[in-house]
Amino acid sequence: QLAEALNLCSSLRELSLSGTRLTDKGVEELVGGLDDGALPALTGVWFCGARFSAEGVTVLCNAFGHGLAPKLEGLTNFGDGSFGDEHMKALAAAFSSGRMPESLAMLSVEHNDVGDQGATALAAALLESGAACQIVCFTNHIGLAGQSALLQVLEARHGASLAGYLSVAYGQAPAR
């Protein structure tokens with residue numbers, strides 16, 4: 001029913017799916033119910049509390065590749081703390097294959113479980129694709145290898161900056 005309503009929202013700019021506990025099946029049903037080219041004015045989506053796996057990320061990104069939210073600028077607050085390396089690898093695959101909106105300027109994955117593997121995979125995909133998307137990854141488990149890879153992308157696309165450095169440098173949370 002949400003997809004049916006969203007199909008009518010041609011002027012919707014921001015959508016919060018926070019707290020919905022969206023699962024893989026929920027993402028599949030939501031995306032499956034959206035018309036091609038749905039949400040043409042959407043610029044921001046919040047996913048805090050979503051519980052979908054890397055498979056759900058892939059389903060969502062496939063929809064972007066079919067014209068969903070072509071003006072999307074920000075994907076924010078993915079996950080419920082369990083968004084990790086496999087999720088980041090799914091995002092990396094979407095960037096590499098050109099399925100992410102070219103307008104995407106910010107991807108926020110803070111307060112999750114991303115490590116070096118996910119960070120380096122995403123950094124490589126961003127460099128390969130030429131995407132100018134900034135990554136906000138505070139309080140994850142990203143070590144020096146992942147931080148270095150993300151900083152290389154940040155500096156290549158946006159130049160060196162203290163704000164950019166801080167968004168990557170605090171990506172390392174205490175080990176569990």
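The values are calculated or read from the model by the stated rules, or taken from the named source; none is laboratory data. Please read these numbers as outputs of a predicted model, since none were measured by experiment. Positions of Cβ are backbone-derived with ideal geometry, glycine not excepted, and every protein chain shown enters the neighbour counts. Surface accessibility is based on the protein's heavy atoms, side chains included, excluding ligands, DNA and RNA. Shrake-Rupley method; radii C 1.70, N 1.55, O 1.52, S 1.80 Å.
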- Say whether the condition of being within 20 Å of Ala121 (Cβ to Cβ), part of a helix (DSSP H, G or I) and open to solvent by 20 Å² or more (accessible area, probe 1.4 Å) is met by at least one residue in the stretch 33-54. yes
- Query: Among the residues of the stretch 43-102, which ones are in contact with a Phe, Trp or Tyr (Cβ under 9 Å, 6 or more places away or on another chain) and among the polar types (S, T, N, Q)?
  - Reply: Thr76, Asn77
- Message: Would you confirm whether or not the stretch 125-137 contains a residue that is in contact with a strand residue (DSSP E or B) (Cβ under 8 Å, 6 or more places away or on another chain), part of a loop (DSSP other than H, G, I, E, B), under 25 Å from Gly37 (Cβ atoms) and open to solvent by less than 50 Å² (accessible area, probe 1.4 Å)?
- Response: yes
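Condition check ((1) among the charged types (D, E, K, R); (2) within 19 Å of Leu150 (Cα to Cα); (3) in contact with a His (Cβ under 6 Å, 6 or more places away or on another chain)) across all residues:
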{"residue": "Arg51", "(1), (2), (3)": "yes, no, no"}
{"residue": "Thr58", "(1), (2), (3)": "no, no, no"}
{"residue": "Cys61", "(1), (2), (3)": "no, no, no"}
{"residue": "His66", "(1), (2), (3)": "no, no, no"}
{"residue": "Gly74", "(1), (2), (3)": "no, yes, no"}
{"residue": "Asn77", "(1), (2), (3)": "no, yes, no"}
{"residue": "Phe83", "(1), (2), (3)": "no, yes, no"}
{"residue": "Ala94", "(1), (2), (3)": "no, yes, no"}
- Message: Name the single residue that is most open to solvent (accessible area, probe 1.4 Å) among those in the stretch 69-95 being at pLDDT 95 or above and in a loop (DSSP other than H, G, I, E, B).
- Response: Lys71
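Taking the condition in contact with a Gly (Cβ under 8 Å, 6 or more places away or on another chain) and part of a loop (DSSP other than H, G, I, E, B), does Gly98 pass?
On the way: in contact with a Gly (Cβ under 8 Å, 6 or more places away or on another chain): yes; part of a loop (DSSP other than H, G, I, E, B): yes.
Spelling it out, Gly98 is indeed in contact with a Gly (Cβ under 8 Å, 6 or more places away or on another chain) and part of a loop (DSSP other than H, G, I, E, B).
Criterion first (in contact (Cβ under 8 Å) with a residue 12 or more places away in the chain and more than 21 Å from Thr43 (Cβ to Cβ)) does Gly143 satisfy it?
Working: in contact (Cβ under 8 Å) with a residue 12 or more places away in the chain: yes; more than 21 Å from Thr43 (Cβ to Cβ): yes.
Answer is yes for this residue.
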